[in-house]
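Enquirer: Below you'll find the structure I mean.
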Amino acid sequence: MTLSKDPIHWIRTHCSRMDHGGCALLVGVSGNAIVKIKGDPDGYLNRGYACLKGMRAAERLTHPDRLRHPLRRTGARGGGRWERISWETALAAIAERLLEIRERHGARAVAFCQGMPKGLEHFALIRLANLFGSPNLVAVQDVCHAPREITGLHTCGFYPVADFHNPTSLVVLWGSNITATNEEGMIASGCLRSLAGGADLMVVDPFRTELAERAALWLPVRPGADAALALSMLHVIIGEGLYDADFVENHATGFADLAAHVAAYPPERGAALAGVSAEDIVSAARLYARSRPAAIQWGNAIEQSPSNFDAARALICLMAICGNLDAPGGNIHAEEPPALGLGPFVRADRIPNKRKEMIHAHHGAIHRLMTVPPTYFKRAVLTGKPYPVKAAYVQCSNPLITWANSPETKAALMALDFIAVSELFMTPTAALADIVLPAATGFEFDDIGHYGLGHGILLARPRAVEPPPECRPDLDILTRLGAMITDPADWPADGAGLIEAALAPAGLDFAAFAEKGYLKGPERYYKYREKGFSTPDGKVALRLDGAVKMGLSPLPEYREPPAAPDFPLILTSAKDPCYLHSSYRWMTRLREKSPRPLARLHPDTARDHGIADGDPIRVETPLGAIIQNARVTDRARPGVVVAAYGWWFPEASADALYDWDRANYNMLTDTETVGKAFGTPALKGIPCRIAPVDGLDGEGARGRQ
C-alpha cells in the first residue's frame, strides 16, 4: 500500500523471498528504485523492529552479480561455462527433460527441492509436484520446524507456539538466539516487550547470548543434550509436586508412566549428561513450574540432532504438565485466519497415495512428515533405492552448502541426469545446474507470508518495485512450467491467480489484503476445556503409544552420542545475524560487517591448543576438515567449538564452485546415522578437534587439506 505521493513513495510490506521472519517494513521508493527501508512501527509482529539484513535488502536488487537472464550450461557440470538463452527456450528445455524422465522412470524419479519456505512459492512447488505425479518434495524441515510441529501434532494435536502477544511470567529461550536470528513469527521485539512487561527470562544455550546476559538463569547445555536437560527438569517438577494437578488429571494421559520414566533422570544425572550443574537444573525446574504462564520459545537448534523427536517430546511434556499448553502467555494453538486449505491449494487429491510413496516412507519415518529429508533423497539418487531419482528442480535453496555432508551432496547432484535451479545469484549449487533461471527477489512481486506455517497469521507482501525485465517471480515460473508439464487447466495464467485462490475464503482480493496488511486467526485459548485436544482420545499423550507403531519410543529418551576419543571437543554451529543461512555473502555492506567465518572458542580451549584470537584454525571431525578463524570469547562454553555456518565465497571462481569446501560447516557433518523419526543427521554435538594452521594469513585457506 502506497502511503503518500511525495517524491519518495512509502510502501508498506513485509520481508519476503530471502526471509520469513515476518517483519513489517516501510519501503521508500523513488522511480523504480528502493532508496530506504525501515521497520514499520505499526507492524503486528515487529512494531518497528527490523534486522540488519532487512534494512540492507535493497542491495540485492541492483547488485552487479545478480542473475538477469536464463542460462544453459555449455561445458562440463560445474565448469562455470554458460550461454544466455530465452525464457521460452529455458522453460521448454526443463519441460522436455522432466517429461522425458517421467516417461522413462516414472514421475517419482523427479524431485522438487525447496529451501526454507519463504512464501507461497513453497506450496506452489508442492502443487506442481503433486500434479506432475511426484510424491517427492525435498526440503529441510527435518532440521527446521517439522520436529517441533509434527511432534506437537502427535502429542497434543497442534504446534505449540510461544505467545508473545499476551502477558507472561517467564520467557524460556531454548536454543533460540532471538535477537540475532529471528524465526518465522518469533520476532525479537515481541520477546523484548514481554521482558519489559515484567517477565522473567531463562536461556538454554551453550553460548552466552546477548539475552543470556539479562537472564535470571542461563543454562549452558552441552550441544545435543537438550532432551537430557528437559527430562531432568521433569524429574524435579514431578518429584516436588510442582505440576498442574488439575490439567494432568483431566487433560493428559500417561502421567504415571512419565513419572516413573523420569525417575531415572535426577538432577545429578542430568548434570552429568547435559553439562549443567544439578543446582541450576533444580532452579530451572522450579522457576518454570512456578511461573504461570510461561512461554518456551524453542529454536530449531533442538531439531538439529538425531534425537530431535525425544527433545521435542520432552519439552511438550514440560509445557503440558505445567498447564502452559494453549494458555495465553504460554505455548498456544494459533488458529488460522480464513484462507484456502493447504490440501486444496497443493491439489493433494491428485496423489492420494503420496504418504506411502514418498522416499522417506520406505525408511519408516514418522507419519505426517510431508517433505523428503535430504539425506534420504541423496541415498535414492546414489543407490537407486527405494527407486531411481534422476532429476531435480530447485528453488530458494543452496543444498551444496546447507545440506549435511556436503561431499555426499555434491556426489548426488553430479549423479543426477538433469538439474534446474531458480536463483537470485550464481551459488555453488546453481553452478552445478543444467538450466539456471533468474528469479525476482523480495520487493519485486506480490506474495503472501506465513501461509501454512502454523502461527495463525497471514502477511501481505505487496511489491514495491518491478523486477529487471527477465527476472521473474517463482510463482509465475511455476505456473508457466506447470502448464507445460501438467494439465494447463489446473493452473491460472500467472502467480496472481494462485494468490487470489488462497485469499478467496477471506473474501478479499490481494489489493484489499495489502490494504489491511495482515490477517489473524481468532484469539481463543484453553480450547481443550470445551472440546479436548485434537488427539485420538482428546488428551495430551505424555506417553505416546502411537509412537510404537512408528518404531519410536512412547516416552522421551536421551541417548548419548558414541564416544570418539580422537576428537575430544564438541562441535556446534551458529547462524550469523548478517546472513540468512548461505545467503547474502555477496552483499557488500553485510560482508564488511562479517567478512570471515569465525569459530568461537573459550579462552581456556584456545590456550590449550595454542590458538590466539583471529588465527586461522583447522576444525576437523571424522568426516573432514575446514578452515575458519578463531574468535576467542568467554561467551563460548569450554570444550565447545561454535563454528560459523553457511559459508561460501562469491568472490572465488565459478569453476571452483566458489570455494564451497573451504569453510563450509557441512563438510564436517555426516549422514551415516540419522534419527528414525525425521531422518535428521547430527548437526550439533559432533565430536571434533582443532589445531592452528601455520603459514596462512587471517583470511584462511581451502579446507580438506
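Enquirer: Suppose we filter the range 57-76 for residues that are at pLDDT below 95, buried (at least 18 other Cβ atoms within 10 Å of the Cβ) and of a type in the set (D, E, K, R); how many remain?
Expert: Residues meeting the conditions: 1.
Enquirer: Looking only at the range 500-543, count how many residues are under 25 Å from F445 (Cα atoms), small (G, A, S) and crowded, with 18+ Cβ neighbours inside 10 Å.
Expert: Matching residues across the range 500-543 total 3.
Enquirer: Can you confirm whether A111 is at pLDDT below 95, buried (at least 16 other Cβ atoms within 10 Å of the Cβ) and under 30 Å from T181 (Cβ atoms)?
Expert: Values: at pLDDT below 95: no; buried (at least 16 other Cβ atoms within 10 Å of the Cβ): yes; under 30 Å from T181 (Cβ atoms): yes.
Against the criterion (at pLDDT below 95, buried (at least 16 other Cβ atoms within 10 Å of the Cβ) and under 30 Å from T181 (Cβ atoms)), A111 does not qualify.
Enquirer: If you scan the range 220-263, which residues turn out to be farther than 18 Å from I316 by Cβ, surrounded by 18 or more Cβ atoms within 10 Å (Cβ to Cβ) and either among the hydrophobic types (A, V, I, L, M, F, W, C) or touching a Leu at 6+ places or on another chain (Cβ under 8 Å) (or both)?
Expert: R222, P223
Enquirer: Say we look at the range 338-372 and pick out the residues that are in contact with a strand residue (DSSP E or B) (Cβ under 7 Å, 6 or more places away or on another chain) and either of a type in the set (S, T, Y) or in a helix (DSSP H, G or I) (or both); which of these is farthest from A129 (Cα to Cα)?
Expert: Let us first name the residues in the range 338-372 that are in contact with a strand residue (DSSP E or B) (Cβ under 7 Å, 6 or more places away or on another chain), namely 339, 358-360, 371-372.
Among the residues that remain, those that are also either of a type in the set (S, T, Y) or in a helix (DSSP H, G or I) (or both) are: 359-360, 371.
On the way: I359: 14, H360: 16, T371: 11 Å.
The selected residue is H360.
Enquirer: Check every one of the helices (runs of 4 or more DSSP H) wholly within the range 476-555 and list those with 1 or more residues that are hydrophobic (A, V, I, L, M, F, W, C) and more than 27 Å from the chain's Cα centre (by Cα). Write out each step before concluding.
Expert: Working: elements: 495-503, 510-516, 528-531, 546-549.
Hits in the range 476-555: 510-516, 546-549.
Each row is one residue, and each column tells you yes or no for (1) in contact with a Leu (Cβ under 7 Å, 6 or more places away or on another chain); (2) not small (G, A, S).
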residue: K36; (1), (2): no, yes
residue: D40; (1), (2): yes, yes
residue: G43; (1), (2): no, no
residue: R66; (1), (2): yes, yes
residue: L71; (1), (2): no, yes
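Enquirer: Same structure again: Considering A272, A312, which residue is in a helix (DSSP H, G or I) and either touching a Gly at 6+ places or on another chain (Cβ under 6 Å) or buried (at least 24 other Cβ atoms within 10 Å of the Cβ) (or both)? Even if it seems obvious, please write down each step before you answer.
Expert: On the way: A272 fails: either touching a Gly at 6+ places or on another chain (Cβ under 6 Å) or buried (at least 24 other Cβ atoms within 10 Å of the Cβ) (or both).
A312 is the lone residue from the list that is in a helix (DSSP H, G or I) and either touching a Gly at 6+ places or on another chain (Cβ under 6 Å) or buried (at least 24 other Cβ atoms within 10 Å of the Cβ) (or both).
Enquirer: A further question on this structure: Anything in the range 561-587 that is more than 26 Å from the chain's Cα centre (by Cα) and at pLDDT below 90? List them, or say none.
Expert: P562, A563
Enquirer: Report yes if T441 is at pLDDT 95 or above and either closer than 14 Å to P467 by Cα or outside any strand (DSSP E or B) (or both), otherwise no. Lay out the reasoning, then the answer.
Expert: Working: at pLDDT 95 or above: no; either closer than 14 Å to P467 by Cα or outside any strand (DSSP E or B) (or both): yes.
Here the answer is no, as T441 does not meet what is asked.
Enquirer: Which condition does A334 not pass, out of (1) of a type outside the set (F, W, Y); (2) surrounded by fewer than 16 Cβ atoms within 10 Å (Cβ to Cβ); (3) within 23 Å of L153 (Cα to Cα); (4) out of contact with any helix residue (DSSP H, G or I) (no Cβ under 6 Å at 6 or more places or on another chain), if it passes all the others?
Expert: (2)
Enquirer: Is at least one residue of the range 82-97 out of contact with any Cys (no Cβ under 8 Å at 6 or more places or on another chain), in the same structural domain as V140 (by TED's automatic domain parsing), surrounded by 14 or more Cβ atoms within 10 Å (Cβ to Cβ) and closer than 21 Å to L657 by Cβ?
Expert: Yes.
Enquirer: Filter the range 162-208 for residues that are of a type in the set (A, V, I, L, M) and within 15 Å of the chain's Cα centre (by Cα) and give the result.
Expert: Taking the range 162-208 as the starting set, the residues that turn out to be of a type in the set (A, V, I, L, M) are 162, 170-173, 178, 180, 186-188, 192, 195-196, 199, 201-204.
Matches in the range 162-208: I178, A180, M186, I187.
Enquirer: Let me ask something else about it. Counting just the residues of the range 449-479 that are among the acidic types (D, E) and touching a Lys or Arg at 6+ places or on another chain (Cβ under 9 Å), which one comes out farthest from Y44 (Cα to Cα)?
Expert: Let us first name the residues in the range 449-479 that are among the acidic types (D, E), namely 466, 470, 474, 476.
Add one more test, that the residue is touching a Lys or Arg at 6+ places or on another chain (Cβ under 9 Å), and what stays is 470, 474.
Working: E470: 34, D474: 26 Å.
Applying the filter and picking the extreme gives E470.
Enquirer: Then there's this: Take the conditions closer than 21 Å to S86 by Cα and in contact with a His (Cβ under 9 Å, 6 or more places away or on another chain) and apply them to E444. Does it pass?
Expert: On the way: closer than 21 Å to S86 by Cα: yes; in contact with a His (Cβ under 9 Å, 6 or more places away or on another chain): no.
No; evaluated as a whole, the condition is false for this residue.
The values are calculated or read from the model by the stated rules, or taken from the named source; none is laboratory data. This structure is a prediction, so every number in the text was calculated from the model and none was measured. Ideal geometry is used to build each Cβ from the backbone, glycine not excepted, and the neighbour counts take in all protein chains shown.
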